[in-house]
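Novice: Below you will find the structure I want to go over with you.
The values are calculated or read from the model by the stated rules, or taken from the named source; none is laboratory data. The shown structure was predicted, so the numbers you read here are calculated from the model rather than taken from an experiment. So basically every Cβ, Gly included, is an ideal-geometry build from the backbone, and we count neighbours across all protein chains shown.
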Amino acid sequence: MRHGDKVKNLSRTKAHREALLSNLACQLIQYKRIVTTTAKAKALRVFIEPLITKAKTNTTHERRVVFSYLGDKEAIKELFGTVAEKIGGRPGGYTRIIKLGARPGDNAETAMIELVDFNEIYGKAAAEAKAPAKKTRRAGGAKKKAEAAPAETPASDAPAAE
């Protein structure tokens, strides 16, 4: 029985699991999205979200703590630089997992895990760049008539005053 055991072992020893999650986290930071199995993606989310939270406070201590988990200087630079700037205002939920279906070779369930603020499709920039809402015919006519009437009255009064 595994009562109270919340660690997802992924059928690996502790050292192997830590190395796997460290490598996956470095790749996620570098490429902003990776495709892996669903179980690994869920374990990676638990692993990397506290590290991203630590990256918000850019101190030497936090850099050393995160480096002890990742062990990659380039990933630390990227995390505390580009990633920390984008996620500064977000209170949590830095990653998104999208299930992709079964892998052809071994029928493993695959998923894409990505950093939320780096997605152009779902991000704030995409919401702002969206096409304006389609206008209905009911409301459009009344507004145009109301706007046109005050604009015409000052123009018609101007020639009479001369």
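Novice: Looking at the structure I just gave you, is Ile76 under 17 Å from the mean Cα position of the chain (by Cα) and touching a residue at least 12 places away in the same chain (Cβ under 8 Å)? Give the steps one after another, and end with the answer.
Specialist: Working: under 17 Å from the mean Cα position of the chain (by Cα): no; touching a residue at least 12 places away in the same chain (Cβ under 8 Å): yes.
Taking the combined requirement at face value, the residue does not satisfy it.
Novice: Taking Pro50 as meeting all but one of (1) buried (at least 16 other Cβ atoms within 10 Å of the Cβ); (2) without any contact (Cβ under 8 Å) to a residue 40 or more places away in the chain; (3) of a type outside the set (A, V, I, L, M, F, W, C), write down the number of the exception.
Specialist: It fails just one condition, (1).
Novice: Residues of segment 79-92 being without any contact (Cβ under 8 Å) to a residue 24 or more places away in the chain and either of a type outside the set (Gly, Ala, Ser) or within 18 Å of Val46 (Cα to Cα) (or both), which ones? Even if it seems obvious, please write down each step before you answer.
Specialist: Residues of segment 79-92 that are without any contact (Cβ under 8 Å) to a residue 24 or more places away in the chain, as a first pass: 81-82, 85, 89, 91.
Result: Thr82, Glu85, Pro91.
Novice: Suppose we filter Arg63, Arg17 for residues that are over 26 Å from Ala108 (Cβ atoms) and either surrounded by 15 or more Cβ atoms within 10 Å (Cβ to Cβ) or polar (S, T, N, Q) (or both); which single one remains?
Specialist: On the way: Arg17 fails: over 26 Å from Ala108 (Cβ atoms).
Just a single option satisfies the conditions, and that option is Arg63.
Novice: Further question on the same structure: Determine whether Gly71 is over 21 Å from Ala108 (Cα atoms) and touching a helix residue (DSSP H, G or I) at 6+ places or on another chain (Cβ under 8 Å).
Specialist: yes
Novice: What about Ala25, is it under 19 Å from Ile97 (Cβ atoms), touching a residue at least 24 places away in the same chain (Cβ under 8 Å) and surrounded by 18 or more Cβ atoms within 10 Å (Cβ to Cβ)? It would help to see each step written out before you state the result.
Specialist: Numbers: under 19 Å from Ile97 (Cβ atoms): yes; touching a residue at least 24 places away in the same chain (Cβ under 8 Å): yes; surrounded by 18 or more Cβ atoms within 10 Å (Cβ to Cβ): yes.
Considered against the rule, which asks whether it is under 19 Å from Ile97 (Cβ atoms), touching a residue at least 24 places away in the same chain (Cβ under 8 Å) and surrounded by 18 or more Cβ atoms within 10 Å (Cβ to Cβ), Ala25 comes out as yes.
To keep it simple, each residue is scored yes or no on (1) without any contact (Cβ under 8 Å) to a residue 12 or more places away in the chain; (2) out of contact with any helix residue (DSSP H, G or I) (no Cβ under 6 Å at 6 or more places or on another chain); (3) within 18 Å of Asn119 (Cβ to Cβ); (4) part of a helix (DSSP H, G or I).
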| residue | (1), (2), (3), (4) |
| --- | --- |
| Lys6 | yes, yes, no, no |
| Ser11 | yes, yes, no, no |
| His16 | yes, yes, no, yes |
| Ala19 | yes, yes, no, yes |
| Gln30 | no, yes, yes, yes |
| Ile34 | no, no, yes, no |
| Lys42 | no, yes, no, yes |
| His61 | yes, yes, no, yes |
| Arg64 | yes, yes, no, yes |
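Novice: Among the numbered criteria (1) modelled with pLDDT under 95; (2) crowded, with 16+ Cβ neighbours inside 10 Å, which one does Ala41 miss?
Specialist: Exception for Ala41: condition (1).
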